[in-house]
Amino acid sequence: MRKFELTNVLVVVVRYFGGKKLGIPGLIRSYKNATKDSLQRSIIINKKIMEQYDIEFNQEEMSFVMSFIKNNNIEIYRNLYISKNKLTINVQKNKSIEMLRLFKEKKIKILYKKIV
């Protein structure tokens, strides 16, 4: 699976005993070849690990928040504009630390976080 650069993957190989003992090296080779063959025949779908945040901010911060969202290709999942603006956004995990730091500086509230 390292050769295919895969993470968070489970491959299950079932071997029915056919009357011939392969020994430990033979079993390792058989399982390795079965896994390699399965992965070569598979369609591999890359998924990014995302974190979802509910954020709340005043109208004065609107341009900063929207600019940050646009410049970092952040997806707005849900928006609610009342006396305070509320957005639910999906952020790639590797970009969330910088976002949290900037939002903290601007005193933008992070109300809720979950992994999606």
Just going by the charge dipole of the chain, with Lys and Arg at +1 and Asp and Glu at -1 on Cβ, which of 68, 110, 31 is farthest out on the positive end?
31
Quick one: check the C-alpha center-to-center distance for the range 1-26 versus the range 44-114, whole angstrom.
43 Å
Rounded FRET efficiency, nearest 0.05, which uses the C-beta distance separating residue 110 from residue 8 and R0 of 35 Å
0.85
Can you show me the helix-derived [θ] at 222 nm for the chain, built from DSSP H runs with n ≥ 4 at -39,500 (n - 2.57) apiece and divided by the number of residues, rounded to the nearest 500.
-11500 deg cm²/dmol
Return the Rg/Rh ratio of the range 1-55 with Cα-based radii and a Kirkwood Rh.
1.20
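Can you give the direction-averaged projected area of the convex hull of the alpha-carbon atoms in the range 50-115, in nm²? Walk me through the numbers before you get to the answer.
Values: hull surface 15.5 nm².
Averaged projected area of the range 50-115's Cα convex hull equals 3.9 nm².
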Tell me, what ³J(HN,Hα) does each residue in the range 10-26 have, in order and in whole Hz, if you take phi through Karplus 6.51 cos²θ - 1.76 cosθ + 1.60 with θ = phi - 60° and put x for Gly and Pro?
10, 10, 10, 10, 10, 10, 8, 5, x, x, 10, 7, 8, x, 4, x, x
Could you tell me, in Å, what Rg and Dmax come out for the Cα atoms of the chain?
23.4, 75
Give the cross-link partners of residue 84 among the lysines, using a straight C-alpha distance below 21 Å as the criterion and excluding same-chain residues fewer than 8 apart.
70, 104, 106, 107, 109, 113
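Computed from the coordinates by the stated procedures, all read-outs in this text should not be read as laboratory data. Keep in mind that what you see is a predicted model, and the values were worked out from it rather than measured. As a convention, Cβ positions derive from the backbone with ideal geometry for all residues, glycine included, and neighbour counts pool all protein chains shown.
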